[in-house]
1. Measuring with a 1.4 Å probe in the full set of protein chains, what accessible area per residue, in whole Å², belongs to region 180-240?
2. In the full protein assembly as shown, how much of HIS456 is accessible to a 1.4 Å probe, in Å² to the nearest 10?
3. When the accessible area of region 408-461 is computed with all protein chains present and a 1.4 Å probe, what percentage of it is carbon and sulfur?
4. Using unit Cβ charges (K, R positive; D, E negative) and no other charged atoms, how large, in debye to the nearest 20, is the dipole of region 100-166 about its Cα centre?
5. Would you rank ILE371, ILE280 by solvent-accessible area, highest first, keeping every protein chain in place and using a 1.4 Å probe?
6. How much length, in nm to one decimal, is gained on full extension between ARG246 and LEU43, taken as 0.36 nm per residue of separation minus their Cα-Cα distance?
7. For a quick check of understanding: with a 1.4 angstrom probe and all protein chains in place, what accessible area in square angstrom does ASP566 have, to the nearest ten?
8. Accessible area of TYR490, 1.4 Å probe, to the nearest 10 Å²?
Amino acid sequence: MDGTLTGTVVPRRCTVAEPGPAAEYLELLLREAAPVEFERPLLQARADGRDSVEELDRLKGLALQVRALLERRRRREAELSALVDTVGDLATLRDLDAVLAAIVRRARELLDTDVAYMTLNDDERGDTYMRVTHGSVSARFQQVRLPLGAGLGGLVAQSAAPYVTANYAEDDRFQHVSEINAAVAEEGLVAILGVPMLLGTRVLGVLFAANRSARPFTREEVTLLSSLAAHATVALDNTRLLGETRAALEELGAVNTVVRKHSESLERAAEAHDRMAELILRGGGLDDLAAVVAEVLGGGLAILDADGHCLAEVGAVGDVGPPAAAAAGRALGRATRHGEHWVLAAGAGSEALCTLVLRTPGELSETDTRILERAGVVTALLLLFRRSLAQAESRVRGELLEDLLTRRVDDPVTVRQRARRLGVDLDDAHVLVVLSCPARLRERAAQWGAAQAAAHGGLAAQRDGNVTLLVGGDHPGDAARRMARELGGYLGTPVTAGGAGPVAGPQAVPTAYAEAQRCAAALHALGRAGDGASAAELGFVGLLVGAERDVGGFVTDTLGALLEYDRRRGTALVHTLEAYFAAGGGAARAADALHVHVNTVAQRLARIGQLLGADWQHPERALELQLAIRLHRLRETHP
């Protein structure tokens with residue numbers, strides 16, 4: 001060994017690599033550089049005479065695309081954040097002016113316009129006035145009032161749709177008024193976008209975004225401004241509802257003050273108010289509310305809907321009495337005495353939502369009367385809230401089922417997602433039931449169907465004069481009979497139901513719907529109105545109305561016992577029955593055709609009766625047997 005290490009690799013001197021072109025563009029993206037800075041690496045490469053100019057140009061294009069994408073996402077994030085902030089403002093609504101001002105300010109910032117403003121309709125004066133502005137410099141513009149239907153806002157209000165004008169002064173699509181033109185000119189506005197603030201079909205006002213120079217408004221900007229307008233509408237409507245609620249609560253608060261100062265009965269009113277408020281806040285229902293009121297007032301209480309049907313009852317209420325009592329209470333808007341009952345109709349505006357009937361001995365004190373009236377207000381508010389939720393959910397469920405029934409299912413994936421959001425898995429087994437009831441009761445039947453669908457995780461819609469439900473299960477006949485019985489009891493009249501299924505997947509729903517319709521019609525034709533059944537339960541009629549035409553199943557259900565007996569015993573019961581029917585029900589002629597003794601035929605017919613049941617010779621059953629025999633022979637001849 002000479003001390004020299006053989007096979008040893010001597011490491012080369014390491015150097016730090018120069019940052020590549022991609023790294024330069026990543027650095028520019030990281031510090032959110034302006035678009036013009038992305039030209040620098042390319043210009044430097046050209047100045048140095050490098051060969052990578054084309055690659056740098058490609059990288060520059062990709063980097064600018066990424067920057068544009070990030071910019072769009074930042075903008076979308078800002079928009080969503082603003083909408084979330086607006087929702088937060090609505091949730092903690094204290095000052096309507098502050099909320100509306102925040103919405104207008106956000107509209108200006110998000111759309112990057114010179115001015116944003118909001119006009120509201122004044123129902124008392126019959127005109128429109130400027131409520132909030134942001135970015136405005138003209139006092140005249142900030143205080144303008146204009147007639148209903150005038151200006152761009154008038155066009156938006158009349159059409160209930162967004163409108164854009166690239167040049168307000170030269171646009172002749174709407175009515176120009178000199179006062180408005182002067183205010184707009186003083187503000188220097190040119191391009192204006194206006195969207196309606198809709199409460200149902202009613203236009204409360206218009207939200208505007210405007211520029212002092214020409215500029216286009218994209219579809220996304222129109223949608224964003226419409227969302228902010230919707231939030232402003234909610235704020236206005238919430239203020240109205242909060243005002244009504246505050247008025248009711250202030251009234252209750254005054255009663256509580258009197259309670260604490262003057263008498264034990266007034267203490268009871270305070271307790272009742274607190275308990276009702278707590279009940280509503282924790283999500284209690286009508287039964288809970290009725291129990292609280294009955295306990296406080298010491299009697300039996302029933303809550304009836306506008307049609308007089310009982311929604312909740314606690315204690316013994318008895319006969320409510322003639323409808324005149326409820327009519328009197330509704331007309332007066334206060335609790336009235338009728339015999340041993342106190343009657344109070346409660347509602348919203350001129351619409352009666354419910355009637356409270358209290359049965360209690362003796363007279364009600366003024367405090368107890370107020371408790372009953374406040375209970376009416378709380379009940380009406382609870383019913384309004386429930387109705388709003390039910391209507392929204394019912395509308396969504398009905399639209400989905402309508403799409404399924406009419407084959408408007410272009411994208412099954414989207415339809416399945418819509419269904420899952422409602423708690424419905426269309427790939428599970430479902431049955432479809434069509435309910436037929438008198439035309440005058442269809443609206444109530446539709447409400448019942450919507451409630452059933454919501455309670456059982458299904459879908460409901462009113463179509464072709466019937467109520468249709470799609471609910472989970474695999475026994476359509478059982479579901480049809482149950483729904484016919486329950487809806488008939490609810491409406492107080494017979495209801496006929498046709499069932500079909502089970503089905504799985506959106507594509508199978510239209511066929512099942514057609515079959516269920518035919519089943520319901522067949523029940524009417526067979527004189528079985530008020531009943532429910534599926535095609536498989538209608539015998540030979542099921543072959544006509546069923547979508548699958550299950551001939552084998554019909555033959556097995558009708559003749560199965562005889563066919564199995566012949567197979568096991570080597571007998572000829574089916575052949576004997578065929579000869580018996582062919583002979584017009586004559587045993588002797590059947591014996592001649594079969595070349596057997598008449599006693600043999602009699603014995604076979606007795607065995608047939610044991611296997612099929614005593615009613616096998618009844619006309620309807622005999623018809624099914626003859627049809628089944630014919631189909632059996634056809635299947636043997638043409639398998």
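The values are calculated or read from the model by the stated rules, or taken from the named source; none is laboratory data. This structure is a prediction, so every number in the text was calculated from the model and none was measured. Counting neighbours? That spans all protein chains shown, and the Cβs are built from the backbone with ideal geometry, glycine included. Keep in mind that these areas ignore ligands, DNA and RNA; they rest on the heavy atoms of the full protein, side chains included. Shrake-Rupley method; radii C 1.70, N 1.55, O 1.52, S 1.80 Å.
1. Working: 2360 Å² over 61 residues.
Accessible area per residue, region 180-240: 39 Å².
2. Accessible area, nearest 10 Å²: 110 Å².
3. Working: 1230 of 2630 Å².
Carbon-and-sulfur percentage of accessible area, whole number: 47.
4. Numbers: 7 positive and 7 negative charges, 28 e Å.
Roughly 140 debye, rounded to the nearest 20.
5. Working: ILE371 10, ILE280 60 Å².
Output order, biggest surface exposure first: ILE280, ILE371.
6. Details: separation 203, 0.36 × 203 = 73.08 nm, distance 6.81 nm.
Working it through step by step, the gained length comes to 66.3 nm.
7. Rounded to the nearest 10, that gives 30 Å².
8. Accessible area, nearest 10 Å²: 90 Å².
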